[in-house]
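The values are calculated or read from the model by the stated rules, or taken from the named source; none is laboratory data. Bear in mind that the values here come from a model prediction, so they are computed numbers and not experimental data. Heads up, the Cβs are rebuilt from the backbone with ideal geometry, glycines too, and the neighbour counts pull from every protein chain shown. Quick note on the areas: whole protein, heavy atoms, side chains included, nothing else; ligands and nucleic acids left out. Shrake-Rupley method; radii C 1.70, N 1.55, O 1.52, S 1.80 Å.
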Amino acid sequence: MNIVFAAAEVAPFSKAGGLADVAGSLPSALQRQGLSCQVISPLYGSVDRVHHRIEAADIKGKVLLGKKTVPYVIFHSKPSGEDETQYWFVSNPTLFDRDGIYTDATGEGYADNNQRFFFFQLVILDLISRKILSPDILHCNDHHTGLLPLLTKSLPQLRSVFTIHNFLYHGHFSDADKALLPEGIRNKLTPTQWDNYSALLEAITWSDAVNTVSPGYARELMAGENVDEHSLSIIRNRPDGILGILNGIDVNYWNPELDDLLPCNYSPTDRHGKKKNKRALLEKLELQADVDAPLFGSISRLVENKGFALIFESIEDFLADGAAFVFLGSGDPVIAMQLQDLLKKYPAQLAFYDGFNEKLAHLIEAGSDFFLMPSRVEPCGLNQLYSLQYGTIPIVNKTGGLGDSVEQWSAGQGTGFVFEPYLAIELRKSIELALKVFDDKEEWDRLISRAMEKDFSWAVSAKQYIELYTSWK
Ligand code: GLC
């Protein structure tokens with residue numbers, strides 16, 4: 001069975017968020033289970049072609065974008081090691097040779113994003129029409145690939161699967177954008193109530209199957225939580241609904257035993273290295289907190305939805321009690337400023353790295369005692385899964401994939417701290433309970449063991465995707 005997996009970002013080549021991690025690990029897991037997988041993504045200016053040995057394949061073509069003929073060249077990265085997954089890249093320097101994936105250096109979305117991703121999808125359609133790609137299943141992800149199910153609808157022997165990684169982003173487009181699409185599909189598009197079109201809703205309408213990245217989030221979407229009425233009617237039109245399949249993680253990359261970005265490796269049975277990583281993290285960030293004091297880590301885009309307002313309500317009380325905090329991420333300047341203010345007030349106990357740094361992300365996962373992830377909405381979330389693998393106890397809101405992957409502690413049971421409803425007081429109580437358990441060294445030790453023993457490899461979820469791919473046969 002041939003799978004073509006289309007995504008706007010794929011780790012380790014390009015990454016803005018969790019979609020890249022999934023696109024960079026699920027196809028390999030499917031490949032290991034006997035499927036043949038090809039991943040296709042744009043070739044951005046920031047992709048390191050030399051390091052990843054990306055070369056031009058002997059494939060060129062043109063697509064019609066409105067009245068303009070736009071050329072493309074296909075690049076590929078040779079499979080490395082035992083992984084036979086093929087990675088293809090669509091190149092057009094005018095549209096993709098920029099440092100950002102979606103936004104420029106100031107965080108502003110590129111004005112021609114619709115055109116860029118329409119072009120990407122039309123190239124995929126062209127490659128399929130030319131039989132350069134011959135998928136049995138075209139697996140699309142998020143709105144950047146949301147028009148492909150409709151674009152490929154009339155092709156025999158092809159089924160489309162669409163995965164919703166985040167329902168908050170629709171990929172809205174206007175009538176002017178619509179004119180860039182092939183004439184044959186224009187009258188099949190449904191306007192939304194806001195007088196524009198939604199690539200996400202088109203995908204839900206036209207795909208052969210739709211899923212999202214956790215059972216909890218699938219239930220929330222179908223129940224209409226944070227979903228407007230127009231979208232809900234489109235979701236409810238699908239007799240098969242939306243299936244929830246929990247994301248897995250790349251357990252070779254996110255593994256404290258093998259992680260070569262850490263100063264010290266450790267395993268569930270020999271955890272001495274964890275404390276050394278904590279010491280290294282404190283030193284690196286020039287924190288003077290006691291190595292035995294609780295250390296809270298956070299790796300997150302700085303956006304309201306990730307729960308910063310809840311954290312800010314009680315953080316100073318915990319700082320006053322001697323706890324330390326490390327924040328890594330960028331985004332909303334208002335949240336960044338609030339963190340900077342805290343940093344000025346508590347320089348010995350709080351660190352804030354504004355930006356992204358892969359190496360520091362691994363050290364935070366390994367060196368922290370707790371991982372804070374009180375998101376208001378979280379389709380799956382991956383950092384809580386990495387945290388569990390690294391024995392760093394997550395504190396999460398019970399929503400979407402967070403509720404599906406972290407089990408509330410109670411004596412001798414559970415893997416973390418799960419609060420609800422989404423209120424600052426509930427997060428505070430959860431942290432207070434977590435600190436009590438932290439002080440009981442034997443209980444704390446058992447909690448870490450249980451967290452680290454959980455299996456979040458793709459093996460189980462990849463099987464669920466295979467069931468989905470074969471459910472029509
Ligand atoms: C999006 C979601 C996140 C999910 C990721 C990968 O970034 O916000 O919850 O884990 O996609 O599916």
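Cβ separations smaller than 7 Å between residues 6+ apart or across chains give the following pairs from segment 302-323 residues that are within 26 Å of residue 356 (Cβ to Cβ) to residues that are open to solvent by 70 Å² or more (accessible area, probe 1.4 Å) and at pLDDT 95 or above: 305/376; 307/376; 312/338. Taken over segment 1-17, the criterion of being among the aliphatic types (A, V, I, L, M) and open to solvent by less than 10 Å² (accessible area, probe 1.4 Å) is satisfied by 3, 4, 6, 7, 8, 10. Pairs linking a residue in segment 428-442 that is in contact (Cβ under 8 Å) with a residue 24 or more places away in the chain and open to solvent by 10 Å² or more (accessible area, probe 1.4 Å) to a residue that is part of a helix (DSSP H, G or I) and among the hydroxyl-bearing types (Ser, Thr, Tyr), with Cβ atoms under 9 Å and 6 or more positions apart or on different chains, are 428/314.
Condition first: closer than 24 Å to residue 125 by Cα, touching a Cys at 6+ places or on another chain (Cβ under 8 Å) and of a type in the set (A, V, I, L, M, F, W, C). Can you find one or more residues in segment 194-213 that meet it? Taking every residue of segment 194-213 in turn, at least one turns out to be closer than 24 Å to residue 125 by Cα, touching a Cys at 6+ places or on another chain (Cβ under 8 Å) and of a type in the set (A, V, I, L, M, F, W, C). Evaluated against (1) modelled with pLDDT under 95; (2) within 16 Å of the ligand (Cβ to nearest atom), residue 240 falls short on exactly one condition, (2). Tell me yes or no: at least one residue of segment 133-140 is crowded, with 18+ Cβ neighbours inside 10 Å and within 16 Å of the ligand (Cβ to nearest atom). Yes: segment 133-140 contains one or more residues that are crowded, with 18+ Cβ neighbours inside 10 Å and within 16 Å of the ligand (Cβ to nearest atom). When the residues of segment 411-441 are filtered to those that are among the aromatic types (Phe, Trp, Tyr) and out of contact with any Asp or Glu (no Cβ under 9 Å at 6 or more places or on another chain), the one that is farthest from residue 371 (Cα to Cα) is 422. Total residues in segment 133-150 satisfying the condition of being of a type in the set (Ser, Thr, Tyr) and either assigned to a helix (DSSP H, G or I) or over 20 Å from residue 85 (Cβ atoms) (or both): the figure is 1. Close Cβ contacts (under 6 Å, 6 or more residues apart or on different chains) running from residues in segment 14-41 that are free of Cβ contacts under 8 Å to residues at least 40 places away in the same chain and farther than 24 Å from residue 131 by Cα to residues that are among the small types (Gly, Ala, Ser) and within 14 Å of the ligand (Cβ to nearest atom) comprise 20/11.
Applying the criterion of at least 3 residues that are closer than 30 Å to residue 331 by Cβ and more than 16 Å from the ligand (Cβ to nearest atom) to the helices (runs of 4 or more DSSP H) found wholly in segment 1-116 leaves 93-96. The condition of being open to solvent by less than 10 Å² (accessible area, probe 1.4 Å) and modelled with pLDDT of 95 or more holds for residue 20.
The set of residues from segment 68-85 being at pLDDT 95 or above and open to solvent by 20 Å² or more (accessible area, probe 1.4 Å) comprises 68, 69, 71, 73, 75, 76.
Among the helices (runs of 4 or more DSSP H) lying completely within segment 151-224, list those that include at least 2 residues that are open to solvent by less than 70 Å² (accessible area, probe 1.4 Å) and away from the ligand (no atom under 14 Å from the Cβ).
Numbers: elements: 175-178, 183-186, 199-206, 215-222.
So the answer is 175-178, 183-186, 199-206.
Among the residues of segment 395-424, those identified as more than 20 Å from residue 304 (Cβ to Cβ) and assigned to a strand (DSSP E or B) are 408, 410, 413, 416, 417, 418.
Listed here are the residues, each with its yes/no results for (1) open to solvent by 10 Å² or more (accessible area, probe 1.4 Å); (2) within 16 Å of the ligand (Cβ to nearest atom).
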site: 343; (1), (2): yes, no
site: 346; (1), (2): yes, no
site: 352; (1), (2): yes, no
site: 361; (1), (2): no, yes
site: 367; (1), (2): no, no
site: 378; (1), (2): yes, yes
site: 384; (1), (2): no, yes
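In the set 388, 423, which member is surrounded by 24 or more Cβ atoms within 10 Å (Cβ to Cβ) and of a type outside the set (Phe, Trp, Tyr)?
388
Restricting segment 230-264 to residues that are assigned to a helix (DSSP H, G or I) and free of Cβ contacts under 8 Å to residues at least 12 places away in the same chain leaves a set whose member that is farthest from residue 283 (Cα to Cα) is 233. Looking at segment 386-403, which of its residues are within 11 Å of the ligand (Cβ to nearest atom) and more than 15 Å from the chain's Cα centre (by Cα)? Within segment 386-403, just 399 meets the criteria.
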